[in-house]
Each structure stands twice: as structure tokens, then as C-alpha cells.
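Participant: Take this structure first; my questions come after.
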Amino acid sequence: MDFEVTYTEEQQQFRREVRAWLETNVPADVQRTPTSPEDNYQRYLELRAFGRKLGAKGWLYPTAPAKYGGGGLDVDYAIILEEEVDRLDLSLPPYYDSGGRLGSASILVWGTEEQRQAFLPAIYHGEVRTWQLLTEPGAGSDLAGVRTTTAVRDGDEYVIKGQKIFVGSDNGADRIWLIACTAPNGRRHENLSWFMIDANLPGISMQPMELMGTGGEGGTDSGVKQTVFFDDVRVPAFALVGGENKGWTVATTHLELEHGGGGRIGRNRVWDRLLRYCQETKRDGVPLTQQPDVRDSLADIYIKTEITRLFGLRNFYLTYARKAKSYEGPQLSYYRKTAGLWMTGAILEMVGPAALTTDPTWGSSAGFLETQQRNGIVSVHPGGTTDIQRVQMARRIGIGRSTREKAGTVHGAEA
Amino acid sequence: MDLALTESQELLRSTARSFMEREAPVDVIVGLQKVESSLAPDLWKKAAQLGWLGIVVPTEYGGSGDQLSDAAVLYEEIGRGPLPGPFFSSGVLGALTVLEGATEEQRRRILPRVASGERVLTVAITEPNTSWGPTGVTLAPQGRNGSYVLNGTKLFVADATSATDLVVAVRTGDGPTDVSLLHVDARARGVTARRLPGFVSWQCEVTFDNVEVPATALLGGAQRGWAALDRALERALPLLCAYIVGGCQAVYEKSVAYAQSRVQFGVPIGRFQRVQDHVIRLVNHLDSARWATWEALWKLDTGRPAAASVHMAKAVASEAYPEACNAAHEVHAGMGVLVEYGLAAHTQMSRTLFNYLGDPRWHKRRMADALEW
């Protein structure tokens, strides 16, 4: 076994090139915590501009096929890019674009050649930011039970009506995709369709939902989600991906990714900051890291973050080597979420009420601990609750149903 | 990056698995549970012929000198039993302690016979009311005519009732790590090994009553024992973890099969989410132990600093095995506590290995030290 990617001299040269490029192109102070809604929007614009620069080089979606505007790079190069961006406390894409990441994966597997050419380049170049619309007031965990949002064929168009909730973040989107019911009397899993559409069509309106904290699967750092209303929105039939009533099949690809199937490599930023905080903060004149009870708690927290990292690495490898997966995707999601929630208690006990305040003097740096206290709870539910992850695991282990369920396809064909 | 086994590891796995299925099926494992000595002579000989006893012993000392990750594949298979016997205590911890601590002459004398299975080693470290650290070693030999005389007790010595040779950690100075290692004939006059009774698997008490050993019994140099033991443990512990991973894997497979086949209320019990939760808890512990162990093995085999990973692996695996067994008992209910079913052997082993060579908290604290927080 080899737990590390080993790099050739050519790849190391690429790393130097990336590092130098980032030094001149990352906007100054773009990692700041916004001080006002205006500053939040300003920062978003800076990140989008940076995203377009990355996109022009094929570095926004480095492994996406070059013929559709992606980087066409081997995964080893993508890892270098991710590592170099991560060093600067940024991600790829540098803003919340999980709709682009997940939606493009589904289009690659299930879209027609024409649809790939029409939809993918704008995503990969960073020209559009995309949100996914899945949950409805009456369909959350039971996503296949989507009924509120319907699409009816009318000539060369579909007419969409209904409502989606827990959508996106703040600062708006350019594109959205959704699953809508196209056969109200059809069989479960055979009655939904998947559409990629313009976010600014007539009849689409949005209303912010204020949340207790952030914590979307795609790493949104905003405490806002949207309710999206569709009032007889007319979309071209071309927007239908995968065929009418085939929406659930299209969704299995992005759901597998959203449930952790793609894995992750990279450091845990909360851990780094937590350790630094405990080294720099004293209790009764002694640094927290030298207090035996704190060391014990830190060890438990560290181990949870390490196991999360190892599960992420394993899933990354399985995807990277195009190996068949079973329960590993939802296992990562379940473990990460339950560990995060458990950590809120462990950190609160270890650090005390300083973990709860954003006060610049008495709280942690930029309130990162306060953020964790909120996020640990909020992130348990998006992208499939921990209970849903367990249902998935059981089916794939082969005990939840009479036949063992397979993991959704990420590439179109796994070994 | 490659997280798959190599071809030769796959081959070793299938050889070991068919050996285990043939030679150590459930009834054999269950039958061994009540025996005073964990070593089944027939099985031991066959394992020796397969090279299992010298798998980490370098070739110049009669072993096959495999990488630790190769040996881990074997130990996972042994752990699936869980096959008792001094495979780990002699073939890994004993052999590596001699390798790290002994003089060249002593290595040449001892290791080939360990690799062949002719001699069976075990290492005696902790004592009544002491820890697994160097300060836990208080047994101090008296000098007499250039030899050492031992009086006292070592506790929780694995497989001592089947050992022919003991490596005994003794205190020879006032500094915390002033520990030396003595090579003692387990059959010498005054040495008594007794398997501790109860819910514990082949952990023994060893008493020394005026046991005289010659000066040549000192392995390596005086006061160098703890450092040698520390180095040996760093490499040995991940193989104990691999044994635990094998145990967790077996318990997992048993639970899945049972959840699929046991029908209650008209359906296989795996259809119930409460039962699914037990299986999921189990597989999460299994995979935590597996990947923590394999990363530690990879670091050791590639010469990376590994202390923190090794301590983490032992902490995680020690916790995982009892939790995995608990979850399996929830799935199996009454069936699981029938001794002949075989789960109970894992349950008892999981409790035994929880503390053996340091419990989770002890290893977490060593991990924190290694990470220099």
C-alpha cells in the first residue's frame, strides 16, 4: 500500500508553476471574514473573478475533460492544485459551487453530447455559479418523493411549477438544476426528471432562509439558504438531461458524490486552528495543551479527525483508481457528521464558554470555535441526514433489502 | 497512491485463509479455549513449515524478513479465528525484542530457533499494580557470583504457559528507563507460569523464586533494555492491531450473515433499522481500526516517523474490537453467547487485547507526546 501520491519531477515543476501563479493571482486578503453584507458580496465577486482566472487555465475543474473546457489533467496534477490552493485556506472552486461540481458529473455521465457542449464549458470556465435544487417542503430525506415541483411538457418546452427549499447560499446563482415530478401517477423512481436551467428565467423568485449556522456539503460559508419559487417557468426541452422520467437515475451520480463517495484528501482546518488555540490559551496560568484533561480530549478529537481523513483518503483512492464502491461513501458522510456533532460537546467541555462567543477579545480567533459549535449541528443534515446515510450503508452491506444495492456510478463505469 | 494489496499479499492472504479454514475452524478455536497452553503442537508445526513464525525475522537469522505490511496480511487472517497461540508473542514481539536488544551472537543463537518454532518466546514487562511504561518495571535482580538472581512476579505475560524462553524486563538502575532485558529459560527451576483464570485469554502470571541466570543472559547491554523494547513495540504493535482487525472482520461477517438469514416477525432481522445500526456501528469500528493500522504499517515500511500513528492504531484497534463484539452480540442476541458458536472467543479476546501492551488511554497519551503538542 502507498498512502501518498508520489510526484515525478515534471509534477514537482507543475507545483512550482502553480505556486508562483497563485502568488500573483490570489486576490489580496480574500480569505478574510466579511465585516458586512456589502463586504461579503465584494469578497464573493473577488472570488468569482479569481475563479474565472483559474477556469481560463483549466484549473478550476482540473480533471474535467478538456474538450468541454475542463483542465483534462491527471488526478495527480489535480491533487497538486488542490494542495496548493489549500495552503492558502482556499478550495477548488474557491466559492460555493457544489451545483457545478455535482451537476457537471451527472451531465457527463447522463447528458447527450450536445448537452455536454452546451452546459459544461461555462461551469468549467467559472463563467457561471450553479446551485442544486433537491429538497422540497414535503420531500427531504425521501427525495424520491418529490411531488411539489412539477414539470409538464408543452410543445418544445416544459412548464415548471412548485417550490424548492434549502437551496444554495447567498449572492445568487447563474444556473440551477433540479429534479421535478413529470409523472404524478408514475411509479416511484420512474416519475422524476432532471433539468439544467438558467437561474434568471421569468417566473423564478427566491427568498432567503436564515439558518442557525452554515455547513452545507459543498462548504458554503454562509448562514443563508434560499427558498426558490417556480411560477409557470417555461424551459426548453433541451434542459432535460437523461430523458423524461429518468431523473432518479441521473441523480444517483451526484447523490453518490454528495454522500462522500468521491472522498477527500487534505488537512482538517478546524483541527489546525483548535490545536493552535489550545497552545496559545492559558487556564490558571498553564497552556491548555499542558492540562492533562485537555490533552486527553485533544487526543480523542484528533483521532476522530484522523479517521475522517483516512476514510476520505480511502474513498478518494477508490474513485481515483475507478474501483467499485459499496458502503464507503455514506460511511464517510455518516462518520464525518457524527464526529462533528460529538466534537461540539468535546470542545465546549474542553475550552468552556469562550467556544460560544465571537467576541474578538474573549472568543477564539475570528470566532472559529463559535462557528464549529453551530456547524457541528447544522451540517448533520444537508446532503442526506446521518439516518439516511445509515439506510444507504445497510442496503449496500446487503441487509437493508432482499438484494444488495450498488453504489451510484461516478464515472459511468467502475471496475 | 495505492491502497490495494499487492499480488503477493493477495496470494499470502488466500494461502493463510485456506490454512485457517482447514486447520482452525470454529470447533478447533472453541476447543482450544479451555486449554492451559495456547499452543496446539500440530498446528504450530504446520505454521512453522509455512514460515509464519519467522515472517518478521531477517533472512540472516533464519526468517523470511518480510515487510511488516506483508506480515499484517497474515496476522489479519490469524486474527479472524481468533487463533490463539504465541504467534504474536513469540514470532513478533519476542523476535523483534531480541533483534533490537540482543548482541549479534545472541541473535544468531536465538532467532533461527524462534523462526523454526523450536523455541517459543514471550516478553514479560508489567507487574502487579504497575503500568506498561518503563516505571512499571520494578523487578530488580540481585547479583550473585556474576550471575543474576530473580525473585518476584511478572503479570499479564501473554502465552507464558507455552513459552520455552522468557525475555524479562528488569530494573537495573534508578533512572526511569534504567531497564535491562534478561533471557530466562521458562523451564528453569523456580520459574512458574500460570494462566490467569476468567474472562481473559492466555494472560499469565510468571513468578520467579530464586531463579539464577548467568551473566550471559543479559540481552545486549545493561540499561539498554527499554529503548530496545520501545523500538520493538513500535514495529510489533501494528501487527497486534492487524490481528485485531482480522477479529473485527470475522465478527462483522458473522453479523451480516446472521442478519441476512435469521428470520423474526416474518423477515430477516437485517431489515430492522435497529439491527442495521448495530452492524453499521460494527463496520465503522472495523474500518477505523483497519485504516489506522495500515497507515502505521505503511509509515514503518517506508521509514517514515511512525510513533504517533502506531500509538493511534493501538488505541483505535483496542477500542474497536470490544465495541465490534458488543455490536455483534446485539445482532445475535442469545445465539451469540453460545460458546460453540464462536463469537464468545472473540469477545473474550477483545477484552484481553484492550489492555495488553497498553490500553487506549495510555496509547493516546503517548500519541499526544509523540505529536509534541
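The values are calculated or read from the model by the stated rules, or taken from the named source; none is laboratory data. The model shown is predicted, which means the values in this text are computed figures rather than measured ones. Reconstructed Cβ throughout: ideal geometry from the backbone, glycine too, with neighbour counts over all protein chains shown. Just the protein is used for accessible areas: all its heavy atoms, side chains included, with ligands, DNA and RNA removed. Shrake-Rupley method; radii C 1.70, N 1.55, O 1.52, S 1.80 Å.
Participant: Calculate, for the protein assembly as shown, the solvent-accessible area per residue in square angstrom, rolling a 1.4 angstrom probe over the heavy atoms of the protein chains.
Facilitator: Numbers: 32040 Å² over 788 residues.
For the protein assembly as shown, the per-residue accessible area is 41 Å².
Participant: For the range B:121-223, what is Rg from Cα atoms divided by 2.2 N^0.38 Å, rounded to two decimals?
Facilitator: So the range B:121-223 has a normalised radius of gyration of 1.00.
Participant: Which links in A:Lys323/B:Lys254; A:Lys225/A:Lys337; A:Lys164/A:Lys225; A:Lys304/B:Lys364; A:Lys246/A:Lys323 stretch past 21 Å when you go from one Cα to the other?
Facilitator: Flagged as over cut-off: A:Lys323/B:Lys254; A:Lys246/A:Lys323.
Participant: For A:Ala366, project a label point 7 Å along Cα to C-beta. Then give me every residue of the range A:37-61 with its amide nitrogen under 20 Å of that point.
Facilitator: Under cut-off, by backbone N: A:37-51.
Participant: Could you name every residue in the range A:1-42 that has 10 Å² or more less accessible surface in the full protein assembly than in its own chain alone (probe 1.4 Å, ligands and nucleic acids excluded)?
Facilitator: Residues losing area: A:Met1, A:Asp2, A:Phe3, A:Glu4, A:Val5.
Participant: Which Cα, out of A:Pro360, A:Gly69, A:Ala105, lies furthest along the positive dipole direction of the protein assembly as shown (beta carbon charges, K/R +1, D/E -1)?
Facilitator: Working it through, the farthest residue towards the positive pole turns out to be A:Ala105.
Participant: Next up: Please list, by residue number, everything in the range A:118-143 whose backbone N is under 14 Å from a paramagnetic label point 7 Å out along Cα→Cβ of A:His189.
Facilitator: From the range A:118-143, the list is A:143.
Participant: Can I ask one more? Can you find, among A:Ala20, B:Ala115, A:Met196, the residue sitting farthest towards the positive end of the charge dipole of the protein assembly as shown, where Lys and Arg contribute +1 and Asp and Glu -1 at Cβ?
Facilitator: Positive-end residue among those listed: B:Ala115.
Participant: Can you give me the three principal axis dimensions of chain B from its C-alpha atoms, in Å, biggest first?
Facilitator: Projected onto its principal axes, the Cα set of chain B covers 78, 44, 41 Å.
Participant: Using 0.36 nm per residue, how much length does the chain from B:Glu23 to B:Thr153 gain when fully extended, once their Cα-Cα distance is taken away?
Facilitator: That works out to 43.3 nm of additional length.
Participant: At R0 = 22 Å, how high is the FRET efficiency between B:Ala257 and A:Ala324 if r is their beta carbon distance? Nearest 0.05 is fine.
Facilitator: 0.55
Participant: Ok, one more. Within straight cross-link reach of B:Lys154, meaning Cα distance under 24 Å, which lysines are found once same-chain residues fewer than 8 apart are removed?
Facilitator: In chain and number order, the partners are B:Lys34, B:Lys314.
Participant: Continuing with the same structure: Please name the residues of the range B:1-37 whose accessible area, counted over protein heavy atoms with a 1.4 angstrom probe, falls by no less than 30 Å² between the chain alone and the full protein assembly.
Facilitator: B:Met1, B:Asp2, B:Leu3, B:Ala4
Participant: For chain A, set up a Gaussian network in which alpha carbons nearer than 10 Å are linked by springs, and say which option among A:Met196, A:Met212, A:Met393 fluctuates the most.
Facilitator: Among A:Met196, A:Met212, A:Met393, the largest GNM mean-square fluctuation belongs to A:Met212.
Participant: On the accessible surface of the protein assembly as shown, probed at 1.4 Å, how many percent belong to carbon and sulfur atoms?
Facilitator: 51 percent
Participant: Additional query: Show me you know the interface measure: the accessible area buried between A and B, both chains summed, probe 1.4 Å, in Å² to the nearest 100.
Facilitator: The A and B chains share an interface burying roughly 3900 Å².
Participant: Roughly how crowded by other chains is peptide A:310-320, in terms of the mean Cβ count from those chains within 10 Å of each of its Cβ atoms?
Facilitator: 3
Participant: Just to be sure I understand: with springs between alpha-carbon atoms less than 10 Å apart, which residue in A:Leu143, A:Leu275, A:Leu81 has the highest mean-square fluctuation in the Gaussian network model of chain A?
Facilitator: So, out of A:Leu143, A:Leu275, A:Leu81, the one fluctuating most is A:Leu275.
Participant: Now for a different question. Just the number, please: percent antiparallel of the DSSP beta bridges in the protein assembly as shown, rounded to the nearest 5.
Facilitator: Working: 60 of 69 bridges.
Approximately 85 percent, going by the DSSP bridge assignments.
Participant: Can you list residues whose amide H is under 5 Å from B:Tyr148's amide H, if they're 5+ apart or on another chain and H is modeled 1.01 Å from N?
Facilitator: Sorted by chain and number, the residues that satisfy this are B:Val213, B:Ala215.
Participant: Separate question: Say the dipole of the range A:236-317 comes from +1 at the beta carbon of Lys and Arg and -1 at that of Asp and Glu; which of A:Leu257, A:Tyr302, A:Gln290 then lies farthest toward its positive end?
Facilitator: Farthest along the dipole direction, towards plus: A:Gln290.
Participant: Of the candidates B:Ala158, B:Ala227, B:Ala115, which one comes out as most mobile in a Gaussian network treatment of chain B with C-alpha springs shorter than 10 Å?
Facilitator: Sorting by GNM fluctuation, first place goes to B:Ala227.
Participant: Restricting to bridges with both residues inside chain A, how much of the DSSP beta-bridge set is antiparallel, in percent to the nearest 5?
Facilitator: 85 percent
Participant: Follow-up. Calculate the FRET efficiency for A:Asp86 and A:Lys57 from the Cβ-Cβ distance with a Förster distance of 30 Å, rounded to the nearest 0.05.
Facilitator: Plugging the Cβ-Cβ distance into 1/(1 + (r/R0)^6) gives 0.95.
Participant: Further, regarding this structure: Once both axes come from the Cα atoms, what is the angle between helix B:104-115 and the longest principal axis of chain B, in degrees from 0 to 90, rounded to 10?
Facilitator: Approximately 30 degrees, to the nearest 10.
Participant: Considering protein heavy atoms only and a 1.4 Å probe radius, which residues within the range A:364-402 exhibit an accessible-area decrease of no less than 40 Å² in the full assembly relative to the chain by itself?
Facilitator: Residues meeting the cut-off: A:Arg390, A:Ile397, A:Ile399.
Participant: Can you tell me the dipole magnitude for the protein assembly as shown around its Cα centre, using point charges on the Cβ only (Lys, Arg +1; Asp, Glu -1), in Debye to the nearest 20?
Facilitator: 1260 debye
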